[in-house]
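Bear in mind that the values in this text are calculations on the coordinates, not laboratory data. All of these numbers come straight from a predicted model, not from anything done at the bench. Every residue, glycine among them, receives a Cβ derived from its backbone with ideal geometry; neighbour counts consider all protein chains shown.
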Amino acid sequence: MEIIETLNNKIDKLIHDYEKLKLENLSLIQELEKLKNENDELVRNNQDMFLRIDSTLTLIKAQKSE
């Protein structure tokens, strides 16, 4: 009887640990999605900045040619 009780306690602890890890995993997945979105925004901003720089350099070259 004591063995069954000990096993039940261990199973309960494992279930509790599993649920805790499951929630932590969900939290990490959400954080990862947030970081991916931030990264995508930074990439877009960098692309915009490169386009502005390229446009400015083209304009400067055109002005020097005149």
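Data for the structure
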read-out: Listed values (1) 28.4, 97; (2) 17.0, 56; (3) 15.9, 59, entry calculated as Rg and Dmax of the Cα atoms in Å; value: (1)
read-out: Helix 2-65 vs. the chain, principal-axis angle (Cα, 0 to 90°, nearest 10); value: 0 degrees
read-out: Positive-end residue of V43, L23, L7, charge dipole of the chain with Cβ unit charges; value: V43
read-out: Student exercise, the chain dipole from Lys, Arg, Asp, Glu Cβ charges, in Debye to nearest 20; value: 440 debye
read-out: Pairs of lysine residues in the chain - Cα separation under 19 Å, sequence separation of 8 or more or cross-chain; value: 4
